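Peer 1: Below is the structure I would like to discuss, written out as structure tokens.
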Amino acid sequence: MSNELYFEDFYVGQKMNSLGAAKVTADEIKEFGQKYDPQPFHLDEAAGEGSFFKGLAASGWLTAAIVMRLRVQSITVAGGMIGAGVEEMRWTTPVRPGDTIRTEIEVVGVRQSNSRKDYGVVRTRTLAFNQNDEVVLRSTVNFLAPLRHPVQS
């Protein structure tokens, strides 16, 4: 595919917005909560009302999964985006039913991989926003991208 990106295509200061947005539903929040994070404020509106969140709130891990989906839909790394670690992940505003999430990603570092000479490491800072432009998640994530022309050893 001609739109696939290689390590050489990334540079510090590069900014990429998600190509779309993801609308979060109450059913999705509850289903994810039931399966992966069964706390009352992720499962039931009434229980959520009496909680810290004062209403039904998405698990931060659901928010992170949505951000991951937006990331891979918007940045097509040749061979797939291979995770190389999360340095920071902060949930700053609860995600609620009806919220629409979009992302802004900035490349903050690029370097040759020390262990895989045919890959580079791309360090990114991601901000995820709801429809009111409130930051709901902030993260610093590294991924591997293959070199277009690997160095022969």
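The values are calculated or read from the model by the stated rules, or taken from the named source; none is laboratory data. Note that the structure is a prediction, hence the values are computed from the model and not measured. Cβ atoms come from the backbone with ideal geometry, glycine included; neighbour counts cover every protein chain shown. Please note that ligands, DNA and RNA were not included when accessible areas were found on the heavy atoms of the full protein model with its side chains. Shrake-Rupley method; radii C 1.70, N 1.55, O 1.52, S 1.80 Å.
Peer 1: Going through the stretch 17-42 one residue at a time, which ones are open to solvent by 50 Å² or more (accessible area, probe 1.4 Å) and among the charged types (D, E, K, R)?
Peer 2: Keep residues of the stretch 17-42 that are open to solvent by 50 Å² or more (accessible area, probe 1.4 Å), which gives 17, 19, 21, 23, 25, 27-28, 30-31, 34-36, 38-40.
Listed by number, the residues that qualify are Lys23, Asp27, Glu28, Lys30, Glu31, Lys35.
Peer 1: Going through Gly55, Gly13 one at a time, which residue ends up being closer than 30 Å to His149 by Cα, more than 17 Å from the chain's Cα centre (by Cα) and in a loop (DSSP other than H, G, I, E, B)?
Peer 2: Gly13
Peer 1: Hey, can you tell me all the residues within the stretch 116-130 that are in a loop (DSSP other than H, G, I, E, B) and either open to solvent by less than 90 Å² (accessible area, probe 1.4 Å) or within 19 Å of Thr76 (Cα to Cα) (or both)?
Peer 2: In the first step, residues of the stretch 116-130 are kept if they are in a loop (DSSP other than H, G, I, E, B); the result is 116-118, 130.
The answer is Asp118, Asn130.
Peer 1: Out of everything in the stretch 65-94 that is in a helix (DSSP H, G or I) and open to solvent by 20 Å² or more (accessible area, probe 1.4 Å), what residue ends up being nearest to Met16 (Cα to Cα)? Even if it seems obvious, please write down each step before you answer.
Peer 2: So the first thing to find is which residues in the stretch 65-94 are in a helix (DSSP H, G or I), and the list is 65-74.
So of that shortlist, the ones also open to solvent by 20 Å² or more (accessible area, probe 1.4 Å) come out as 65, 68-69, 72-74.
On the way: Ala65: 18, Met68: 14, Arg69: 14, Val72: 12, Gln73: 11, Ser74: 8 Å.
The qualifying residue nearest to Met16 (Cα to Cα) is Ser74.
Peer 1: Given the structure, is Gln14 over 19 Å from Val95 (Cβ atoms), surrounded by 12 or more Cβ atoms within 10 Å (Cβ to Cβ) and among the polar types (S, T, N, Q)? Reasoning before the result, please.
Peer 2: Numbers: over 19 Å from Val95 (Cβ atoms): yes; surrounded by 12 or more Cβ atoms within 10 Å (Cβ to Cβ): yes; among the polar types (S, T, N, Q): yes.
Yes, satisfied.
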